[in-house]
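A.B. asks: Pasting in a structure now, in structure tokens, and then I'll have a few things to ask.
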Amino acid sequence: MTEKEMMQRNIEDFSRIQTYMLLAEEGSDVYKALRERYIDLKVILTASGVNLTEIDRIKA
């Protein structure tokens, strides 16, 4: 998998996780598990130089 493909996959995962978080009840076990992955992806994307301003709908 190329770096570009990996970046695309991470961005798509980040978007998908946010959609699930918005559907889950905040504070639930599901939300907490999703939030962990959300933070992981946010760190990866930020470290890779991706500007999350436009794609981060959770802002947490």
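A.B. asks: Taking region 1-14 as the region of interest, how many residues are more than 20 Å from T46 (Cβ to Cβ) and surrounded by 13 or more Cβ atoms within 10 Å (Cβ to Cβ)?
C.D. replies: Final tally of qualifying residues: 0.
A.B. asks: If I ask for residues that are under 26 Å from E3 (Cα atoms), open to solvent by less than 80 Å² (accessible area, probe 1.4 Å) and among the aliphatic types (A, V, I, L, M), which ones from region 15-60 would you list?
C.D. replies: I17, L34, I39, L41, I44, L45, V50, L52, I55, I58
A.B. asks: What are the pairs with Cβ atoms under 6 angstrom where one residue, in region 10-37, is under 17 Å from R57 (Cβ atoms) and the other, located anywhere, is outside any helix (DSSP H, G or I)? Sequence gap at least six, or different chains.
C.D. replies: Going by the 6 Å Cβ cut-off, the qualifying pairs are Q18/R57; Q18/I58; M21/I58; Y31/A24.
A.B. asks: Further question: Is it the case that some residue within region 44-57 is touching a Ser or Thr at 6+ places or on another chain (Cβ under 8 Å) and part of a loop (DSSP other than H, G, I, E, B)?
C.D. replies: yes
The values are calculated or read from the model by the stated rules, or taken from the named source; none is laboratory data. Everything numeric in this text was worked out from a predicted model, so none of it was measured. FYI the Cβ positions are ideal-geometry reconstructions off the backbone, even for glycines, and counts take in every protein chain you see. SASA here: full protein model, heavy atoms, side chains in, ligands and nucleic acids out. Shrake-Rupley method; radii C 1.70, N 1.55, O 1.52, S 1.80 Å.
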